[in-house]
Structures are given as structure tokens and as C-alpha cells.
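Here the structure comes first, spelled out in C-alpha cells, and everything after it is commentary.
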Amino acid sequence: MALLDRLTDGRRPGSRGRLARLLSLAVLAITGCAVLQYLGLSDKPLAFSHERHLEEGLSCSDCHSAYEDGDVVQDVKPAQCALCHEELDAGKEPDRQVASLFDGDAYRATRASALADEVKFSHATHVGAGASCEACHEPILTNDFVDPSVSPRMDDCIRCHQSVGQDTSCTVCHSLINTDTMPPNHSQQWMTTHGVAVRGDFEGPANDCTLCHTDQTCIKCHQDQPPASHNNFWRLRGHGVVADMDRDSCRTCHEPSSCVRCHNDTPPLSHNSGAWGAPQDTHCMACHYPLQSESCSVCHKSTPSHLDATDQPPNHFPGMDCRACHGISAPLPHVDNGDDCTFCHK
């Protein structure tokens, strides 16, 4: 607070509050950056043009030595770059020199292409099979940054293996992950949230349920364990509302015949009132404009249309007050729900 007092000394009223908010935002920003850095998420793509170096006539082996012989490609070292850049960087700003790509001898973009410890991958094996660098690292031909896009993704590997007739089972590339081991995202709230992932049609093999599961897997599981939302309130009252708003979600497990079969034996709770049907016909009160609302036709497909109502007698004319007689001296065959009578009775 003493710092804030000195910064706002002599300023107009309100300055203190505005400056306090600015300082709070600054603290939040610094804290956020620290958290991201701790999590390894704050690295910006490293500005480096593979395309430019290829145009200068360099090959992959000029910088990535022994990539044909080892399982892992060794990091580029500052001494290798210095062979050319010691002269090229003379007079450049420090952030434009090749030394800015390194922290000491460590290449700053190592994490961009790092693989998980349990992934089995050998450059020597792939090179020996005739794979070229650009077959797996196609973006390096045109990119100007070093980021995760320079390394192939799992779906790239699967697609390539399929094209050359190689095995695509999990154990070929993974020492831990297989069809009998749950992926990391299948923990915590996965039982609650997996439905969103299934319907979301997200890209990438990590979201491809068919790698391990079939449609029968879902059916068998949900026959034994219904979704958490399907409690007793859902069964009695809630499911109809959701079915009206998002019928596609219901179709994930249910066919339209499921609804028909259930409601043939169990009518909706609203239909249990003694006044719902004839002779009081209070069900008319459930109708809204337009009368051809789908809420009734979902089940009552063969019921005569309300638009086939009795025509007005010849001695009636537009503008007459129907309720001056009907419902008083002339009984109504249905409940008066306040609609315009001439909507049905032409």
C-alpha cells in the first residue's frame, strides 16, 4: 500500500483505484506466465526457417548428424551452426544471431519434437525402410518456426503404416498404452463427460473411440449402467423435455420404437388426470399456436386434424363474438383455451 500511496500522490481522485486495478492485472499476468512456464505451456514457436536452409543447399544430415544410425536424433549443437553463422551473424542484433536459439549448449526447441517416454520409435529403422525425412516431417519444407507441427502425429503414423501394410496395433509404438490400458483422459470425470467426446466428433486418434471400442461396447455398458442423468426423476418427468430439445442425443442409444413401446404401456403423467380426455377435454389447454404443434403428433399421428373442425353456420359473419353464445347458451364440445375460434372454424 505504501507503494500505491507514492504512485498516486498528488493525482486526481479515482487514480488510486484505477492504478490498483492495473497493478492487480499486472500481478495476475505475471503469475499466469509463471504458471504456464511451470507447466511447459508458455514456449513460443522458435523462429527458425528450415525452408531457408534447404534453399541454401543444406541437407538434413548437415545439421542432424547420425540421424540414419540412431534411434533418436541428437540435438543440433551451437558449434555446428557456428561453422556458417560465425561469419553470417557478425554485426547482427543479439536476438537475430544463431546463439539466440540455444541456452548454453541446449537447443531451445527440443520439447517441440519430444516423445513420451513410453513411445517406441527408431529413426534408424524408418530410414532403413526407405522413409525420407520429409515423409514424416513434411512441414519443414515450408515452415518458418519450430513447433510441434514439425513432428508427425499419431494419425500420421497410423495412416503411413496402413499404406505400406505395417502393423497398426498399439504395442508396435507404445510400451504401456494398449487396448487393455485406459488412456490418461479416461480417468477422473470421464464416466460423466465421455458422452460429450463421443458426440463431439473431435479430430485425432486420441478421440477415436473405434480404436478400442465398438458400438456394442456402448450398448452393453449402458444396459448395465445408465447415464447419471437417467435417475427416477428423469424417467418420470425430465426425459421428455430433453427429447424435445436434443433428440439426437437420445438416438445415440434409443430408436424411436423405444418411445412408442414404453408409452403404449405408460402414458405421460399429464395424461393421468381424470379431466384430461373426454368429456371435459382439458387436454385442449395444452395446445399452443400453431395447433399443428408436433407435441401431440409425436404419438397421435392418426388423430383427425383440428383443422377439420366444423364450419361456421351460414348465418354467422366475420367479427361476431363467438363467446357471447357459445359456452353460455350453446355448450362447447371442448374446453375454451382462449384461442381465436375462427382459426379452426372457418
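The values are calculated or read from the model by the stated rules, or taken from the named source; none is laboratory data. Being a predicted model, the structure only gives us computed values, none of them experimental. FYI the Cβ positions are ideal-geometry reconstructions off the backbone, even for glycines, and counts take in every protein chain you see. Ligands, DNA and RNA are excluded from the accessible area calculation, which covers all protein heavy atoms including side chains. Shrake-Rupley method; radii C 1.70, N 1.55, O 1.52, S 1.80 Å.
Here the label points at Ser122 and Lys220, each 7 Å from Cα along the C-beta direction, are separated by 3.6 nm in the simple model. In the range 208-259, carbon and sulfur make up what percent of the accessible area (probe 1.4 Å)? Ligands and nucleic acids excluded, carbon and sulfur reach 58 percent.
Rg over Rh for the range 109-177 works out to 0.96, using Cα positions for both radii and the Kirkwood form for Rh.
Summed over the residues of the range 143-220 and divided among them, the accessible surface reaches 75 Å² per residue at a probe radius of 1.4 Å. Annotation: peptides 335-345, 315-325, ranked by per-residue average of other Cβ atoms within 10 Å with the highest first, follow the order 335-345, 315-325. When a 1.4 Å probe is rolled over the protein heavy atoms, the share of accessible surface on the range 47-129 that falls to carbon and sulfur comes to 52 percent. Using the average count of surrounding beta-carbon atoms within 10 Å as a protection proxy, the listed peptides 136-145, 162-171 rank, highest first, as 136-145, 162-171. Remark: the range 217-263 carries a charge dipole of roughly 140 debye about the Cα centre, counting +1 on each Lys and Arg Cβ and -1 on each Asp and Glu Cβ. For the range 94-127, backbone nitrogen atoms closer than 16 Å to the point 7 Å from Ala79 Cα along Cα-to-C-beta are found at 104-107.
For the range 103-153, the residue among Val146, Cys133, Ala106 whose Cα projects farthest onto the positive side of the dipole built from Cβ charges is Cys133.
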